[in-house]
1. Go through region 166-175 residue by residue and tally those that are surrounded by fewer than 20 Cβ atoms within 10 Å (Cβ to Cβ) and in contact with a strand residue (DSSP E or B) (Cβ under 7 Å, 6 or more places away or on another chain).
2. Considering region 114-153 alone, what residues qualify as being out of contact with any helix residue (DSSP H, G or I) (no Cβ under 6 Å at 6 or more places or on another chain), surrounded by fewer than 22 Cβ atoms within 10 Å (Cβ to Cβ) and assigned to a loop (DSSP other than H, G, I, E, B)?
3. Could you list all residues from region 34-58 that are farther than 16 Å from residue 83 by Cβ and touching a helix residue (DSSP H, G or I) at 6+ places or on another chain (Cβ under 9 Å)?
4. Condition check: free of Cβ contacts under 8 Å to residues at least 24 places away in the same chain, surrounded by fewer than 16 Cβ atoms within 10 Å (Cβ to Cβ) and within 20 Å of residue 171 (Cα to Cα). Does residue 242 satisfy that?
5. Does residue 199 meet the test of being touching a residue at least 40 places away in the same chain (Cβ under 8 Å), surrounded by fewer than 16 Cβ atoms within 10 Å (Cβ to Cβ) and either in contact with a helix residue (DSSP H, G or I) (Cβ under 8 Å, 6 or more places away or on another chain) or assigned to a strand (DSSP E or B) (or both)?
6. List pairs: first residue in region 117-142 and touching a residue at least 12 places away in the same chain (Cβ under 8 Å) and within 14 Å of residue 184 (Cα to Cα), second residue more than 15 Å from the ligand (Cβ to nearest atom) and assigned to a helix (DSSP H, G or I) anywhere in the structure, Cβ distance under 7 angstrom, at least six positions apart or on different chains.
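The values are calculated or read from the model by the stated rules, or taken from the named source; none is laboratory data. This one's a predicted model, so the numbers in the text were calculated from it and none came from an experiment. Cβ atoms come from the backbone with ideal geometry, glycine included; neighbour counts cover every protein chain shown.
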Ligand SMILES: C[S@@+](CC[C@H](N)C(=O)[O-])C[C@H]1O[C@@H](n2cnc3c(N)ncnc32)[C@H](O)[C@@H]1O
């Protein structure tokens with residue numbers, strides 16, 4: 001998506017509409033990746049943390065018992081309101097909420113010990129700017145945990161996956177391959193200490209409906225994958241395709257990195 005302002009407006013509009021769905025989504029509330037975030041970051045009780053694009057607040061909620069304070073930030077005000085309601089109802093008191101664009105963070109230089117961003121960077125029009133901003137707000141030696149869609153290094157598979165995702169979620173901007181993320185992180189002064197690919201299987205119909213679509217988009221996506229090459233099918237690994245129990249996988253990357261001191 002080329003125009004960054006329009007793209008952000010679209011993200012905000014869509015996530016405003018589906019905020020409660022993301023608070024309640026079990027795919028977002030739990031997962032191996034959240035367990036790994038804790039395991040690989042070794043969070044400390046005196047840490048100040050920032051969660052970028054907090055969505056339903058699940059990453060912030062997971063870290064709340066392990067760090068001192070967390071700012072849960074997001075571009076979408078309605079999303080923050082829904083996340084805040086859910087978190088306050090649980091009696092959690094060390095999370096505060098702040099509207100913030102990932103590419104222009106309203107925080108001081110070297111304010112945080114830990115920054116997290118999970119399943120969101122593919123919405124940002126300028127991912128390099130987001131990575132630079134993350135580096136700016138982290139203390140020297142501070143830790144950055146990123147989890148997001150990852151593309152195949154094979155361009156035809158990558159292009160298909162981007163198109164498949166954008167049809168379902170027009171606020172999708174770009175996902176990147178591991179080599180592209182590595183380049184951006186190193187350029188912004190990070191050293192990668194952990195990387196792993198995570199394959200997530202999604203019930204196809206729920207996945208499409210969570211973005212407010214009906215049968216038309218379901219059929220369009222079904223056909224697209226029916227007509228795809230064997231290499232693309234191997235990447236998306238559809239099961240029971242064309243039935244109500246259809247599922248497929250998407251590939252994520254989890255990266256742990258430290259800002260060089
Ligand atoms: C899938 S949700 C995030 C899920 C969440 N991090 C979790 O762990 O469950 C994507 C979020 O990205 C937010 N977002 C999109 N563009 C953004 C931007 N430029 N800056 C900050 N947040 C943004 C949306 O408002 C939405 O809440």
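1. Of the residues in that region, 0 qualify.
2. 119, 126, 153
3. The initial filter retains those residues of region 34-58 that are farther than 16 Å from residue 83 by Cβ, namely 35-48.
Of everything in region 34-58, those that are farther than 16 Å from residue 83 by Cβ and touching a helix residue (DSSP H, G or I) at 6+ places or on another chain (Cβ under 9 Å) turn out to be 35, 37, 38, 41, 43, 47.
4. Details: free of Cβ contacts under 8 Å to residues at least 24 places away in the same chain: yes; surrounded by fewer than 16 Cβ atoms within 10 Å (Cβ to Cβ): yes; within 20 Å of residue 171 (Cα to Cα): no.
No; evaluated as a whole, the condition is false for this residue.
5. Values: touching a residue at least 40 places away in the same chain (Cβ under 8 Å): yes; surrounded by fewer than 16 Cβ atoms within 10 Å (Cβ to Cβ): yes; either in contact with a helix residue (DSSP H, G or I) (Cβ under 8 Å, 6 or more places away or on another chain) or assigned to a strand (DSSP E or B) (or both): yes.
Yes; evaluated as a whole, the condition is true for this residue.
6. Here the result reads 127/184; 128/184; 131/184; 131/185, each pair linking region 117-142 to a residue that is more than 15 Å from the ligand (Cβ to nearest atom) and assigned to a helix (DSSP H, G or I).
Table: residues versus (1) at pLDDT below 95; (2) surrounded by 15 or more Cβ atoms within 10 Å (Cβ to Cβ); (3) part of a helix (DSSP H, G or I).
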residue: 182; (1), (2), (3): no, yes, yes
residue: 192; (1), (2), (3): no, yes, no
residue: 206; (1), (2), (3): yes, no, yes
residue: 216; (1), (2), (3): no, no, yes
residue: 248; (1), (2), (3): no, yes, no
residue: 252; (1), (2), (3): no, yes, no
residue: 261; (1), (2), (3): yes, no, no
